[in-house]
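Okay, so here's the structure we're looking at.
The values are calculated or read from the model by the stated rules, or taken from the named source; none is laboratory data. Since we're looking at a predicted model, the values are computed, not measured. Neighbour counts are summed over all protein chains in view; Cβ atoms, including those assigned to glycine, are modelled from backbone coordinates with ideal geometry. Remember, those area values only see protein heavy atoms, side chains included, never the ligands or the DNA or RNA. Shrake-Rupley method; radii C 1.70, N 1.55, O 1.52, S 1.80 Å.
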Amino acid sequence: MSFIFKLMATAAITLAASFSTVAFAKYPDKPIRFVVSFPPGSGTDTNARYTARRLQEKLGVPVTVENRPGGNSFMAVDQVVRAKPDGYTLLFSSNSPVSTNVVMFKDLPYDPVKDLTPLAKLGYGAMGIAVPASSPIQNIEQLVEEAKKRPGELNYGSGSASYQIATELFLKQAGIEANHVPYRGASAAITDLAGKQTDFVFADYGALIPLAQSNSIRVIAATGDKRLKQAPDVPTLQESGYKDYYMVNWVALFGPAGLPEDVQKVLSDAMVEIYSDQESIEFLDRMSWDIFPGDGKALAQFQQSEIKRWSDAAKQANIPQQ
């Protein structure tokens, strides 16, 4: 009887341990949410929706995108920072919330290094500089010439702190002035550009494509060190005489601080695998972007270097912290 009791007890303990292992090994077992700080139609949103579909296919659970635009990305980041660190609420981020905002704001309501867990860096791409299709400005030289003729009269729209810094850096290097008109995201800024409410914008090329293809706007330059893949006739600012100008945007995935290491590994491995395959290369090619997949450690190092790069750009452009 004693032997049978011991056998039953051992079996019960083994079964309980088995159930416990299963319980902890089941991530993910419910929908995952990507929080995006920009509206639908932005470059970040386009990347997020593509990635959500691919991650859903890989992990077998629904992955949704929640847009929380405005408020300098504060609201979107707050949703993630305050979320339970279980891997089900994640920040699909551009550089603005996690690097540029450090430069722009004295009293940032979150610490993008301490309050977030870096998971994977994904893709990057240059911005395009665009004017209304009806504008007489055909190239960057003519934009500078027009700004010098009408000092302080031209208006530019920007959908994030990154776009503002990129624009102000160019203005500084060109020795011209223009008025900043802030927007909740790139798509709104581009729409108003097409309606001739502003004179030019800096924005991710992926966000410019629809209105460029409909001949509502004209892209006159690119901000990277090579021409846009989908607009090979458009010169870079470096080619146009601004040899030190290089500003690109990027996307990456973050979770709340305190995310368990096993959950981090599941997400990081999945994202790096997704952004290393041919489908992702072709997807980013259509937006004139490139992949640069890396795990959480690589993202953490990259984030620190980007905070410095954007800080140096803001100082060069004489942009004060708000």
Item checked: Single match in Ser280, Ser305, Ser276 (criterion: under 22 Å from Leu59 (Cα atoms), among the small types (Gly, Ala, Ser) and open to solvent by 50 Å² or more (accessible area, probe 1.4 Å)) -> Ser276
Notebook entry, point to check: With respect to the numbered conditions (1) surrounded by fewer than 24 Cβ atoms within 10 Å (Cβ to Cβ); (2) small (Gly, Ala, Ser); (3) within 25 Å of Lys229 (Cα to Cα), which one is the sole condition not fulfilled by Ala174?
Noted result: (3)
Check: So which pairs qualify, if the first residue must be in segment 192-204 and without any contact (Cβ under 8 Å) to a residue 60 or more places away in the chain, the second must be surrounded by fewer than 20 Cβ atoms within 10 Å (Cβ to Cβ) and part of a helix (DSSP H, G or I), the Cβ gap must be under 6 Å, and the two must be at least 6 apart or on different chains?
Finding: Thr198/Asp192
Note to self: So the check is Cβ under 6 Å with 6+ separation or different chains; which pairs have a first residue in segment 59-78 that's free of Cβ contacts under 8 Å to residues at least 40 places away in the same chain and within 17 Å of Val113 (Cβ to Cβ) and a second one that's open to solvent by 40 Å² or more (accessible area, probe 1.4 Å) and not in a helix (DSSP H, G or I)?
What the structure shows: Phe74/Pro109
Notebook entry, point to check: Can you name every residue in segment 270-286 that is farther than 16 Å from Phe34 by Cβ and either free of Cβ contacts under 8 Å to residues at least 24 places away in the same chain or of a type in the set (A, V, I, L, M) (or both)?
Noted result: Val272, Ser276, Asp277, Gln278, Ile281, Glu282, Leu284
Item checked: In segment 218-269, residue nearest to the chain's Cα centre (by Cα) [restricted to those that are of a type in the set (S, T, N, Q) and part of a loop (DSSP other than H, G, I, E, B)] -> Thr223
Check: List pairs: first in segment 106-117 and over 19 Å from Ala314 (Cα atoms), second part of a loop (DSSP other than H, G, I, E, B), Cβ under 6 Å, 6+ apart or cross-chain?
Finding: Asp115/Ala257; Thr117/Ala257; Thr117/Leu259
Note to self: Being over 17 Å from Pro112 (Cα atoms) and not hydroxyl-bearing (Ser, Thr, Tyr): is that true of Arg286 here?
What the structure shows: yes
